[in-house]
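Okay, structure first, notes after.
Rule-based calculations on the coordinates, nothing more; no lab input. These numbers come from a predicted model, not from an experiment. Cβ placement follows ideal geometry from the backbone for every residue including glycine, while neighbour counts extend to all protein chains displayed.
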Amino acid sequence: MLASYDVAVVFGGVSNEHEVSVITGTMTCNVLKKAGKSVLPIYITRAGEMLAGDGLCEISAYAKGAPSDFLSACVKRGGVAFFNAKGKYKGGAAVGCALNCCHGGVGEGGAVAGLFALNDIPFASAGLFESAAFIDKYYTKLVLQSLGVKVAKYAYSRDITGAIACARELKYPVIVKPCKLGSSIGIEKAESEKELYAALETAFSLDDGVIIEEFLSPRREFNCAAYFYGGEVVVSRVEEVFTSGALLSYDDKYSGGGRRVFPAEITDEQSDFIRGTTERVYRALNMRGAVRFDYIMRGDEIFVSEINTVPGSLSQYLLSESFASFGNVLLSLIKQAHVDFNAQKGKLKVRTGILDNIPSNACKLK
C-alpha cells in the first residue's frame, strides 16, 4: 500500500544559507508533527541530491556534516519516489501538500515552487513569481518601484567596471550587495572608491550581479511579516532589529550578535505605514506563504529594503507567540494551499485540436 503524508517539508539546498535552512526545516517539521500532521522531511544536500526519511526531522542528524543512510528521493506527480544508494526503486509516497524551507539559491528562487507545481502538488509557500522576483535584489527594486513603493537610490551592474561607473552617481558611503544572496552574506559598506573596488570583488566572487545602494543614515531597521488565509492578509506587528556594526550581519541574525525589540518602539503612524505597505504589496501581487518585509527608516522616510519569501524560521517569532501557536499558522498555510489548488484545478484547459491536422512529416528535418 502506498504511504501517504499530509505535508512534505523541503529544506537545505545548494546555497550559502544551507545551514540556516536546516534549522528552519527541522523546526517546521517538528511544529507540524506536534500539530498532528504526518510529515515527510525532504533534505536537499549541498550537492543538490534529495534525501528523505523521518530521521531528517532531527537536528542531530546534521551534527557531523551531511546525513547518510537515508533514501534518495525524487518528486513525481502527486508524491515522492524513493531509491536506495544503487538507484533501485524502493517505493513511493503520496504527498498532500509541500512547504518550502530552502533559504537562498534556486530553492528559494522558484525552483522548489516550480517542482511541486509541475507535479500537481498543492504548495503552501510563496509561488513562482514572487519567489523568482524577490530572490533578486534588482528585480525587487523594479517591482516595488512599479507599485509606487519607496526604495533607496541604487545602481545595478554585472561587472566591476560598470559598477564603479554607476557608483559615481551616488555619494559615499554606499552599500554593495550581491543580488541573489541573503542573510547579509557578501554585503559591505564602502567609504571610498578603493573600498568599493574591494567590496565589488567580494560580491562578484559570490554572484553575477551587484546592487550599489546609497547608505541611509541615520538609520533604523524594521521587519514585518505577513501571510494569506481565508481571503485576508494577516500582518504581524513590527519589530526593530539592532546591529552590532554599521550593517545587519549574519552574526546579528543567527549567532546572537544583534538584538531585537518586539513590538518596535515607534509611533502608531509609523507602525501603520509599515504594516499597511506590507499588506498592500502582498495583496497587489497575490502572494502566498509566510513572507517577511525588511524596512529602513531615515528620519521620517521609510524605505522597503528587501522581501524574503522564505524568511528565517518562516518568521515564527513575528507571526506567533510560541511554537504551539505557530502550528496554527502553518495549518492555515496548508489549508489555503488546498483552497488555491482546488480553485485552479477547476479552471478550463483548452484543447485547440491543432495537432489533429498536422501532416505526419511536418516536424521532420530534410
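Among the DSSP helices (H) of the chain, those spanning at least 30 angstrom by Cα along their long axis with an average Kyte-Doolittle hydropathy of -0.5 or more are 323-345; this is a geometric and hydropathy rule only. A straight line joining the Cα centroids of the range 124-187 and the range 307-335 runs 26 Å.
Multiplying the residue separation of Arg158 and Asp300 by 0.36 nm and removing their Cα-Cα distance gives an extension gain of 47.8 nm. Close amide H contacts of Glu188 (hydrogens built in the peptide plane, cut-off under 5 Å, sequence separation of 5 or more or a different chain): Val176. For the options Ile266, Ile185, Ile23, a Gaussian network treatment of the chain with springs between C-alpha atoms closer than 10 Å singles out Ile266 as fluctuating the most.
A simple spin-label model places the labels of Ala94 and Glu58 3.0 nm from each other, with each point 7 Å out along Cα-to-Cβ.
A cut-off of 5 Å between modelled amide H atoms, ignoring neighbours fewer than 5 places along the same chain, links Ala225 with Ser236, Phe293.
Shown for the range 1-153 is the translational diffusion coefficient from the Stokes-Einstein equation, using the Kirkwood radius over Cα pairs, a temperature of 25 °C and a viscosity of 0.890 mPa s: 152 µm²/s. Each label was represented as a point 7 Å from its Cα along the Cα-to-Cβ direction; for Arg77 and Ala343 these points are 2.6 nm apart. Taking R0 as 51 Å, what's the FRET efficiency between Leu147 and Lys86 from their Cβ-Cβ distance, rounded to 0.05? Rounded to the nearest 0.05, the efficiency is 0.50.
Among the GluC sites (Glu not before Pro) in the range 137-221, those placed in a DSSP loop whose Cβ has at most 13 other Cβ atoms within 10 Å are Glu169, Glu191. Listing His338, His103 from fewest to most neighbouring C-beta atoms within 10 Å gives His338, His103. Between Phe242, Phe273, Phe215, the Gaussian network model of the chain with springs among Cα atoms under 10 angstrom shows the greatest mean-square fluctuation at Phe273. Sorted from greatest to least, the principal axis extents spanned by the alpha carbons of the range 153-214 come out as 25, 21, 19 Å.
Once the Cβ-Cβ distance of Ala3 and Tyr139 is raised to the sixth power relative to R0 = 41 Å, the FRET efficiency obtained is 0.55.
Think of the range 271-348 as having a plus end and a minus end, set by charges on the Cβ of Lys, Arg, Asp and Glu; of Ala324, Thr277, Ile334, Ile334 sits farthest toward the positive end of this dipole.
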